[in-house]
Each structure stands twice: as C-alpha cells, then as structure tokens.
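Just below is one structure, and these are the notes that go with it.
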Amino acid sequence: MNTASVVSPHQGCVVVVIAEAELEDILCDTLLDAGAKGYTVSEVRGRGNRGLRDDRLLLSNNVRFEVLCDEATARRVLDAVLGRYGQHYGIVAYAVSTWVPG
Amino acid sequence: MNTASVVSPHQGCVVVVIAEAELEDILCDTLLDAGAKGYTVSEVRGRGNRGLRDDRLLLSNNVRFEVLCDEATARRVLDAVLGRYGQHYGIVAYAVSTWVPG
Amino acid sequence: MNTASVVSPHQGCVVVVIAEAELEDILCDTLLDAGAKGYTVSEVRGRGNRGLRDDRLLLSNNVRFEVLCDEATARRVLDAVLGRYGQHYGIVAYAVSTWVPG
C-alpha cells in the first residue's frame with residue numbers, strides 16, 4: 001500500500017561517491033549499512049591517476065552515487081566507503097552541504 | 001542569428017531534482033514556469049523508500065534535473081516541484097550554493 | 001605497478017562544466033592543462049538559451065564534467081574554460097565547496 005509522504009527541500013548534505021563500476025553492488029550495501037535511506041546512481045566515465053607510478057591517466061567505466069542524508073550519516077558513509085575501499089581502489093568521495101530557501 | 005554571449009562562473013545556486021522518469025516532461029514545464037532559464041537532465045537509477053509501508057527499497061528509472069539559477073528562482077522551483085508533486089511521487093529536491101573564485 | 005594510496009574525503013571544491021558534446025576532447029585537454037588531476041564525465045541533455053535572439057530553448061547533447069580540486073586549481077579551470085570557450089559556446093561552469101565531516 002502506497003502511503004504518500006510530503007517531501008520538503010533536503011536540508012543536510014549530499015555525499016557523492018565515484019568508483020569503478022565493478023564496485024557498484026558492494027558499494028550499495030556499504031551505503032545502506034552506513035545508514036543511507038536510498039541513493040541515486042549513474043554511469044559515468046572517469047579519467048585519473050589511479051595510484052599508478054607512471055602517472056598515466058586511465059579512462060575507466062565508473063559509477064557515481066549520490067546520497068542525501070544528514071551530517072552524521074554522511075560521516076558514517078564517507079568513513080565506511082573510504083575506510084574499506086579507499087586504500088585499494090581509485091575511489092573519490094566528498095560531501096556538499098545543501099541549502100534550503102529561507 | 002547566433003549572438004554569442006560571455007559566460008562567467010555561475011554565482012547563485014544549483015537546484016537538483018530527482019524523480020521518476022515518467023515525470024520528465026511535466027517537470028520540464030514546471031521548472032521553466034517557475035523561472036528556470038534552462039536545465040540539464042540525465043538518466044539515473046534510484047533506490048529508496050517510496051513511501052511504502054513495508055519499507056522495501058525500490059530500484060527505479062529516474063531522471064536528474066540540474067538547474068542553475070539565483071536564490072529567488074531556486075525557491076520558486078523547489079516550491080513548485082515539491083508543492084505539486086512531492087506529496088504523490090518519490091521526488092528528491094535540494095539546492096546547493098555555488099562558489100565563484102574571487 | 002599499482003601502488004595503492006589512501007584516499008580521504010575531498011576537501012576543496014568541485015568544478016562542474018556542462019558543454020556541447022563535440023567539445024569533450026578539447027575540454028579534457030583544457031581541464032588537464034589548467035591543473036586538474038583527473039575528471040569524471042557523463043552524457044547529459046541540456047535545454048537552454050544558447051544566445052539565440054529569438055529566445056528558443058534548444059535541446060542538445062551535452063557532456064557534464066566534474067573535477068575535484070583545490071581552490072587555486074578551480075579558479076584556473078574556470079578561467080581557462082570560460083575564457084577560451086565561454087564567448088562562443090553555450091557553456092555552463094560553476095564550483096561548489098565540498099564539506100568534510102569534522
């Protein structure tokens with residue numbers, strides 16, 4: 001049964017995680033385990049130094065996650081993603097504060 | 001006739017609206033009616049609680065709108081989108097302030 | 001040889017550049033020349049006034065670049081992109097400050 005809910009502009013932050021596409025499933029679980037209520041994901045391409053010594057810029061198929069949450073959840077999500085996978089994969093993660101019209 | 005215009009870094013805010021793909025056309029009209037001068041749209045996938053009692057996380061084909069505008073327009077866009085569709089659809093909407101290098 | 005590096009949440013800013021798809025290759029070079037260490041790119045659609053006198057809103061195939069960098073690089077990237085192509089192409093560019101959990 002669909003119980004509609006009123007949605008207001010999101011106040012809090014957006015966490016963005018960009019990673020290799022093969023990590024999509026495992027990152028979904030990580031995000032939800034860390035307290036995310038949902039996420040948006042899209043296919044993107046990325047080029048960057050993946051920690052290679054010779055500094056080549058590799059182009060790869062990536063996924064971009066976007067998670068709306070409060071600050072405490074953002075902290076948990078970033079800690080979980082970067083703590084578990086940041087050391088071994090070329091993951092980019094950041095948060096942006098959202099603004100709600102006064 | 002194409003009259004080129006100088007574009008400077010955008011100062012103001014970015015409104016992001018993520019909604020079910022079927023709402024794309026109606027949301028386009030809503031954004032423009034609310035004063036947006038244009039928008040960027042992309043296909044994304046979303047997983048979240050769509051107000052369902054049993055708390056299942058549904059995966060759906062969504063669209064992600066990105067609108068650059070000033071604060072007054074952002075307020076009108078968010079009010080219009082959430083006021084008309086927020087109650088009956090799983091819409092996420094937020095604004096982020098843009099920063100211009102000094 | 002792959003030397004893994006620890007990645008922390010990005011503190012600084014995200015520069016977003018949205019432009020006609022034909023400009024992708026030239027913009028890649030511009031971003032890297034301006035000091036970007038990498039970028040994420042995705043296909044998007046855009047509708048906006050492209051400087052046309054008659055104010056029609058044109059829908060076009062665009063690319064959306066997202067670059068994580070520090071403020072100094074952001075300034076150089078925005079200056080380079082808008083200085084070289086802003087006058088003749090319908091380019092949108094902005095920066096957003098990222099937030100790192102305390």
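The values are calculated or read from the model by the stated rules, or taken from the named source; none is laboratory data. Model, not experiment: these values are computed from the prediction. Every residue, glycine among them, receives a Cβ derived from its backbone with ideal geometry; neighbour counts consider all protein chains shown. Heads up: the accessible areas ignore ligands, DNA and RNA and are worked out on the full protein's heavy atoms, side chains in. Shrake-Rupley method; radii C 1.70, N 1.55, O 1.52, S 1.80 Å.
Side notes on the structure shown:
- For segment C:8-101, size of Cβ-based charge dipole, Lys and Arg +1, Asp and Glu -1, in debye: 260 debye
- Between this copy and the others, label points of residue B:33 are 4.5, 4.5 nm apart in ascending order, each placed 7 angstrom from Cα in the Cβ direction.
- Options C:80, C:21, C:59, ranked by Cα towards positive dipole end of segment C:8-101, top entry (Cβ charges): C:59
- Summed over both chains, the accessible area lost when A and B associate is about 2400 Å², using a 1.4 Å probe.
- Summary of packing: across the peptides B:93-99, A:60-66, the per-residue average of other C-beta atoms within 10 Å ranks them, highest first, as B:93-99, A:60-66.
- With label points defined 7 Å past Cα in the direction of Cβ, position residue A:84 shows copy-to-copy spacings of 4.0, 4.0 nm, given to one decimal and shortest first.
- Percentage, to the nearest whole number, of Cα pairs in segment C:8-101 over 15 Å apart: 59 percent
- 1.4 Å probe accessible area per residue over segment C:8-101, in Å²: 43 Å²
- Using a 7 Å projection from Cα along Cα-to-Cβ, the label point at residue A:61 is separated from the same position in the remaining copies by 1.9, 1.9 nm, smallest value first.
- Here the chain A residue lying nearest the rotation axis onto C, judged by its C-beta and given with the distance in whole angstrom, is A:96, 3.
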